[in-house]
Every structure is written in C-alpha cells, then in structure tokens.
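Okay, so here's the structure we're looking at.
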Amino acid sequence: QVQLVESGGGLVQPGGSLRLSCVASGFTFSAYAMSWYRQAPGKQRELVARISSGGSTNYAYSVKGRFTISRDNAKNTVYLQMNSLKPDDTAVYSCHAAKFGMDYWGKGTLVTVSS
C-alpha cells in the first residue's frame, strides 16, 4: 500500500523557519522524483520544489533562496527546509511522487505564517 505522510507543519511567525518531512512507503522511493506542492485558501495548487531521482532540484521563483528540498533515500524521506517565511507562504503543503506517468499524493500538512 502506497503512503506519503507529511509532518512538520504548524504556526510560525514571519521570518521564522520550519522543516517539513514526507515519509514514503509502498514503492521504490529512490526511483521517483519527489515534489512539494502547496495550496493556499482560494488559490490553485502550485509547485514549490522538485528533486529528481538523481538529486537535481528546481524551485518556484517565489521560494528560491529561502526553501531547500532534499531527500534521504535510506530513510525514504523527502524534506523541505523553509526559511524566512512570509505570510504568503501560508498553505497546505503536500508531498508528491512521480515516475513515468505514475504518481502519488500525500494528504498534506498546514503551514500558517502569522504574527
């Protein structure tokens, strides 16, 4: 059974940091590109960051220089380190795995940036 379980969300003040984790099971994690998406209230879901199976990374312009995606294949885990958080970063962050037309989604974790 495929599972993607996110954790690490919560309430943080502007300028603060959070690290999200997504633990995968039920598929060959190392062979999949992993991504973090987010959806803010009333907005479309958007890609935040992606890391390929080989470790190449891509970021949305809005988070470049502030967020870092990484993966630990031994732990079947992908991370999103978020620094210098802004109120506009408030959203549900979801983990996504993809390979050759097959993809899986986690349920998401809520990040709220507010003073």
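To the nearest 10 square angstrom, how much accessible area does LYS86 have with a 1.4 angstrom probe?
100
So which lysines pass the test for LYS75, namely a Cα distance under 30 Å, with those fewer than 8 places away in the same chain ruled out?
Straight-line reach from LYS75, under 30 Å: LYS64, LYS86, LYS99, LYS107.
Using the Karplus equation 6.51 cos²θ - 1.76 cosθ + 1.60 (θ = phi - 60°), what ³J(HN,Hα) coupling, rounded to whole Hz, does each residue of the stretch 73-81 give in order, writing x for Gly and Pro?
5, 5, 9, 6, 9, 10, 10, 9, 8
Read phi for every residue in the stretch 9-26 and hand back ³J(HN,Hα) as whole Hz from Karplus 6.51 cos²θ - 1.76 cosθ + 1.60, θ = phi - 60°, with x for Gly and Pro.
Karplus values, whole Hz, x for Gly and Pro: x, x, 9, 9, 7, x, x, x, 10, 9, 10, 8, 10, 9, 9, 10, 8, x.
Quick one: how many Å² of LEU18 are accessible to a 1.4 Å probe, rounded to 10?
For LEU18, solvent-accessible area is about 30 Å².
Relative contact order of the chain: what whole-number percent is it, with Cα pairs under 8 angstrom and at least 6 residues apart?
36
Taking 0.36 nm per intervening residue step and subtracting the Cα-Cα distance, what contour gain separates GLN44 from MET102 on full extension?
18.7 nm
The values are calculated or read from the model by the stated rules, or taken from the named source; none is laboratory data. Here the structure is a predicted model, which is why all the values come from computation and not from measurement. Protein only, heavy atoms only, side chains kept; ligands, DNA and RNA dropped before computing areas. Shrake-Rupley method; radii C 1.70, N 1.55, O 1.52, S 1.80 Å.
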